[in-house]
């Protein structure tokens with residue numbers, strides 16, 4: 001337990017000391033969303049229909065950006081080997097890492113999303129759905145992404161490979177989250193979609209750390 | 001006059017002289033800016049008549065327009081300072097450029113936020129993709145890019161050079177971006193209601209605006225000076241004049 | 001004056017929220033931009049003065065050792 005808490009604390013401290021780490025993905029998030037009105041049509045009637053989807057795609061891409069660095073420094077400075085040698089639970093460690101990632105990526109994204117909603121002419125009724133879907137969905141993105149990061153840690157240009165691996169896994173989250181926001185916008189119920197996201201969160205929280213742990217061990221055998 | 005300016009420019013290039021000269025300027029700038037703000041806002045908030053179409057919400061102009069002007073010219077100043085550094089290797093120029101970035105970005109943010117807030121009673125929504133606001137948003141992205149790049153590079157010299165290069169590329173791009181955004185805007189919005197109707201502005205509305213614009217530039221200069229002095233101190237901390245300063 | 005009472009001034013003819021929100025946000029951002037460099041300067045002075053004191057202590061320490069040997 002102590003290794004995990006030490007790692008989590010250290011990573012949070014690093015993130016706090018290095019604001020670029022979590023600010024840059026936020027700026028990317030904002031910029032990607034801004035691209036759509038510029039590229040297609042800034043008419044609010046049009047934007048309001050695609051707002052939820054665009055914001056979610058932007059959140060997805062911003063998350064992918066920040067995942068690459070998750071295990072990178074640990075591989076480079078040998079912390080990873082120390083973890084394995086310590087005999088402590090890699091499962092809990094992976095969970096802790098995913099938590100830190102969410103705190104420095106998914107949570108800021110979620111908190112900033114209303115701003116993007118304003119810019120994308122999101123219907124008023126959809127804002128709670130946006131926050132809820134991001135709040136429940138981004139941890140799933142972090143958990144799944146952590147598996148990808150563990151698999152590609154130490155691989156050259158692993159970032160792009162990571163995106164290729166994880167995007168298919170993200171699609172169910174995207175579908176249900178964007179659907180929730182859209183249905184909220186047209187005044188329909190979206191409980192089912194949020195429920196599915198919740199189920200994905202529960203499942204990924206339980207199972208992905210196994211995969212991450214296995215992937216980390218694999219990396220060390222190289 | 002010209003000779004005096006050239007001499008001033010060279011003196012400002014020396015960190016020690018910059019620190020001393022600007023130290024004398026700070027009280028004056030502070031007083032002038034404070035007086036300017038008070039006069040400008042009293043005139044603008046209390047004495048300027050309400051706009052025929054927009055009512056009292058137009059009073060936001062006294063912040064929005066000065067901030068927008070400063071944000072845009074600050075980027076140009078930052079690029080010029082960066083160019084001076086790249087061409088003549090004047091360290092002070094690099095430090096000035098670095099100081100301008102966060103301040104220019106702050107004014108850009110103010111312009112953006114006040115523009116959006118102004119849009120709500122005027123157009124009914126908190127955000128509209130009109131040419132001016134969109135250009136301001138892109139300018140903010142450019143500012144963030146320069147700031148993020150500078151902070152990502154560890155070596156001081158490389159960081160300043162990289163920031164200078166990016167600022168120059170950005171400054172050349174600004175007219176291109178503005179033009180393309182305006183062109184894009186005409187495709188989508190047949191008649192843009194401009195927030196500021198400059199030619200037909202009543203002098204009672206215009207005078208406070210001019211005062212606020214001038215005051216904001218003075219204030220901007222003050223902020224840049226404050227930040228740059230810190231950069232000077234940080235970089236020159238081993239020198240004897242800084243030592244004397246610390247021990248006094 | 002355009003406003004007959006302070007209440008009217010605050011209300012800004014239905015637009016009070018927008019006007020004061022704008023001025024408020026501006027005030028906050030401006031204050032931050034003034035406070036940050038001032039704090040930075042103070043921190044610098046404090047750190048550097050500590051450094052100088054340490055150096056002076058080490059110097060006298062060396063002198064003491066030099067004189068005792």
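Every number here is computed from the coordinates shown, using simple stated rules; none is lab data. Remember, it's a predicted structure, so these values are computed and weren't measured experimentally. Please note: Cβ atoms are built from the backbone with ideal geometry, for glycine as well, and neighbour counts cover all protein chains shown.
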In degrees from 0 to 90, rounded to the nearest 10, what is the angle of the helix A:20-39 Cα long axis to the longest principal axis of chain A? 30 degrees
Per Stokes-Einstein, at 10 °C and 1.306 mPa s, what whole-number D in µm² s⁻¹ belongs to chain B, with the Kirkwood radius over Cα pairs as the hydrodynamic radius? 80 µm²/s
With T = 10 °C, eta = 1.306 mPa s and Kirkwood Rh from C-alpha pairs, the Stokes-Einstein D of the stretch C:9-68 in µm²/s is about 100 µm²/s
Quick one: B:236, C:2, B:244, fewest Cβ neighbours within 10 Å first, how do they rank? B:244, C:2, B:236
For chain C, longest principal axis from Cα atoms; helix C:16-68 axis from its Cα atoms; angle between them, nearest 10 degrees, is 10 degrees
Shape of the stretch A:2-220, Cα gyration tensor, a/c cut at 1.5: prolate
Just how far, in whole angstrom, is the stretch A:181-222 from the stretch B:67-129 if you go by their alpha carbon centroids? 41 Å
GNM on chain B, Cα springs under 10 Å; top mean-square fluctuation among B:59, B:227, B:151 goes to B:151
Which FRET efficiency, nearest 0.05, do residue B:16 and residue B:123 yield, Cβ-Cβ r, R0 56 Å? 0.60
I want to check the label-to-label distance for residue A:84 and residue B:176. Put each point 7 Å from Cα in the C-beta direction and report it in nm to one decimal. 4.8 nm
Just check the protein assembly as shown against the gyration tensor rule for me: Cα atoms, a ≥ b ≥ c as the square roots of the eigenvalues, rounded for a/c under 1.5, and otherwise prolate or oblate depending on whether a/b exceeds b/c. oblate
Working from Cα positions, state the angle (0 to 90°, nearest 10) between the long axis of helix B:61-88 and the longest principal axis of chain B. 30 degrees
Chain B, helix-only ellipticity at 222 nm - DSSP H runs n ≥ 4, -39,500 (n - 2.57), divided by all residues, nearest 500: -28000 deg cm²/dmol
Taking 25 Å as R0, compute the FRET efficiency from the Cβ-Cβ separation of residue C:29 and residue A:131 and round it to 0.05. 0.50
Placing each pseudo-label 7 Å from Cα in the direction of the beta carbon, residue B:88 and residue C:58 end up separated by a distance in nanometres of 3.8 nm
Roughly how far apart, in whole Å, are the Cα centres of the stretch A:68-105 and the stretch B:225-248? 42 Å
Output the peptides A:179-185, B:206-212 sorted from most to least packed, where packing is the average of other Cβ atoms within 10 Å over each peptide's residues. A:179-185, B:206-212
Please compute the average number of Cβ atoms from other chains found within 10 Å of each residue's Cβ in peptide C:29-36. 5
Taking Cα centroids, how far is the stretch A:44-59 from the stretch C:1-65 in Å? 38 Å
